[in-house]
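What follows is a short report on a single structure.
The values are calculated or read from the model by the stated rules, or taken from the named source; none is laboratory data. The shown structure was predicted, so the numbers you read here are calculated from the model rather than taken from an experiment. As a convention, Cβ positions derive from the backbone with ideal geometry for all residues, glycine included, and neighbour counts pool all protein chains shown. What goes into the accessible areas is simple: the full protein's heavy atoms, side chains included, and nothing from ligands, DNA or RNA. Shrake-Rupley method; radii C 1.70, N 1.55, O 1.52, S 1.80 Å.
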Amino acid sequence: MLNRRTLLATAAALTPLALPTGAFAQKKKDALVIGLTLEPTGLDPTAKAGAEISEVVLYNVFETLTKINSDGSVMPLLADSWEVSPDLKTYTFKLKRGVKFQNGEPFNANAVKFSFDRAAAANSTNKDKRTFANIATQVLDEHTVVLINKEIEPDLLFLLGQASAIVVEPRTVETNATKPIGTGPYKLDNWAKGSTIVLAKWDGYRHADAVQIRKVSFRFISEPAAQTTALLSGDVDLFPHASVSRSLPQFQNDKRFQVVFNASRGKAILAINNKRKPLDDVRVRRAISAAIDRKAVIEAAMDGRGIPIGSHYVPGAPGYIDTTGINAYDVEKAKKLLAEAGVKTPLELELVLPPPPYARQGGELIAAQLAKVGIVAKIQNVEWAQWMSGTYGNKNYDLSLILHVEPFDLVNYTKPEYYWGYQSAKFNEVFDKARNAPRAADRARYLGDAQRVLAEDAANVFLFQPQFITVASRNLRGLWKDAPIFVNDIAALYWA
């Protein structure tokens, strides 16, 4: 039987950063301003979906049992170590000792059980509710917790490092959206809605002496020109996944800055509301897919920095197959499919676009491409809070251009209640086979089958895998090279 065991992490791996000799010979800069495109609608990542929440609070205010690194690997965080049973369904975690929440309450196995049971509860709004509903959490003692999965989940250790798996303090959960309390190195200092969120170093953190940034301000700037101006003027020190492609040479030729190109597992899609007529007809969805030139969209949305995809999966992910040929760009085929479906043109559809530049710029081109096959895409530009409540929450849309940044989110296609309303027994069957396959080769094969089903069903229009651009001040250290998830690990950053 296969037996996997993760040993205690080394002391070096558990130390947030190692400082060079003489680092404190003179007083260094200890404040940081980070620019972000979207402002969170709340600070509790277990209450709402949206990577913009984790960009502020994950690993900063709230912590998880495991921690995801820039290369996608997983290390212990609130856990010290873990063991996995031979059947790959039972995980036994040894927890860190002496950890406290920011209100003085102890972190222990009961807090972990409370957090995961809460995530699985009937009234949970956690985006990964289904994952936690498959887990039974048992407390062995104060520092040992056991997770028993109903099914094999090969990516569980990664999933437990995401924002939906934060460990919360039971008495403060109701106010975490505005007054978050975690075990992390930073506490909320101030939130000026529409402008800035400020986090301040928590001196009670277990590794407080190693944390160099005492205060970090997150500023929310959606317009590309304004992002460029804020960086060039020095108002912002760091802008992860900035929309500055068109001004990139300015930063590359300016010695004040460093530019990092981040690989990601993100998927930009034109989401289709599968529950609405005539979008419930696979021929109509295939027609929309065939009407769109992915390469042209990449130029418009990302200034060419992206790779075309044909399913909800990207190159570099385990089991990836190329499905871009299944719904290739073909205007005449699109017209024919609409006619076969009995659609009379012009067909009017609502195209909802959130604030990020990739959506606004790419959406304009998509509307023009759809017009060539007789589809009138009526653009509705909305703010992020509107997109989260109206499009994602209430499913009030026909089409929407959006970026899904999580690496392992194929599972969302098994959820008929998810905002695109896709439902397929065939997909569910192959996805379950992939998730429960103990051999990596079998799992990869089933993942390929799952990608193919989504492409053939044209569940959405799968557009591209983006390449992100991070621009930072030259002397800032500890930046992530790649972006497997959207997070800003402030305790790992320091000024040279």
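The table that follows gives values for the structure above.
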read-out	value
Positive-end extreme of charge dipole, the chain - chosen from 369, 316, 152 (charges on Cβ)	316
Pairwise FRET efficiency - residue 122 versus residue 90, Cβ, R0 = 25 Å, nearest 0.05	0.50
Neighbour net charge for residue 180 - beta-carbon separation under 11 angstrom, K R +1, D E -1	0
Computed label-point distance, nm, for sites residue 226 and residue 193 using a 7 Å Cα→Cβ extension	1.8
Extended-chain gain in nm, criterion 0.36 nm per residue less alpha-carbon gap, residue 341 and residue 444	33.6 nm
Cross-link reach list, aspartates and glutamates versus residue 201, counting only Cα pairs under 14 Å and skipping chain neighbours closer than eight places	30, 189, 209, 489
Mean accessible surface per residue for the stretch 306-351, computed with a 1.4 Å probe while every protein chain stays in place, in Å²	49
Radius 14 Å from Cβ of residue 430, net charge of other residues (Lys, Arg +1; Asp, Glu -1)	0
P(r) of the stretch 406-475 over all Cα-Cα pairs, binned every 10 Å from zero, in whole percent	18, 43, 23, 9, 7, 0
Accessible area of the stretch 432-496 divided out per residue, in Å², using a probe of 1.4 angstrom	34
Relative contact order [Cα under 8 Å, 6+ residues apart], the chain, whole percent	21
Helix-only mean residue ellipticity at 222 nm for the chain, each DSSP H run of n ≥ 4 adding -39500 (n - 2.57), per residue, nearest 500	-7000 deg cm²/dmol
The stretch 254-405: antiparallel DSSP beta bridges as a percent of all, rounded to 5	40
Projected label distance in nm at residue 214 and residue 432, using a 7 Å step from Cα toward the beta-carbon	5.7
Among the listed pairs 48/433; 372/426; 113/150; 100/481, those beyond 22 Å (Cα-Cα)	48/433; 372/426; 100/481
Fraction of antiparallel bridges per DSSP, the chain only, in percent to nearest 5	75
Label-point separation, residue 103 to residue 139 (7 Å along Cα→Cβ), nm	1.7
Accessible carbon and sulfur surface of the chain relative to its total accessible area, %, 1.4 Å	51
Contour minus Cα-Cα distance for residue 260 and residue 415 (0.36 nm per residue)	52.2 nm
The stretch 46-121: relative contact order as a whole-number percent, Cα under 8 Å and 6+ apart	16
Count, lysine Cα pairs under 30 Å in the stretch 233-346, 8 or more residues apart or across chains	23
Two-decimal Rg to Rh for the stretch 235-308 - Kirkwood Rh, Cα set	1.15
Whole-angstrom Cα spans of the chain along principal axes, big to small	70, 58, 39
Rounded to the nearest 20 debye, dipole of the chain from Cβ charges on Lys, Arg, Asp, Glu	300
Kirkwood Rh and Cα Rg combined as Rg over Rh, evaluated for the stretch 290-413	0.96
Total charge dipole magnitude, the stretch 221-375, about the Cα centre, Cβ charges on Lys, Arg, Asp, Glu only, Debye to nearest 20	460
Which of 290, 228, 382, positive extreme of dipole for the chain (C-beta unit charges)	228
Accessible solvent surface per residue of the stretch 177-268, calculated while the other protein chains remain in place, 1.4 angstrom probe, Å²	44
Length-normalised contact order for the stretch 125-204 - Cα pairs under 8 Å, 6+ apart - percent	15
The stretch 53-129: radius of gyration over Cα atoms, expressed as a fraction of 2.2 N^0.38 Å	1.20
Cα centroid separation - the stretch 466-480 against the stretch 212-240, whole Å	12
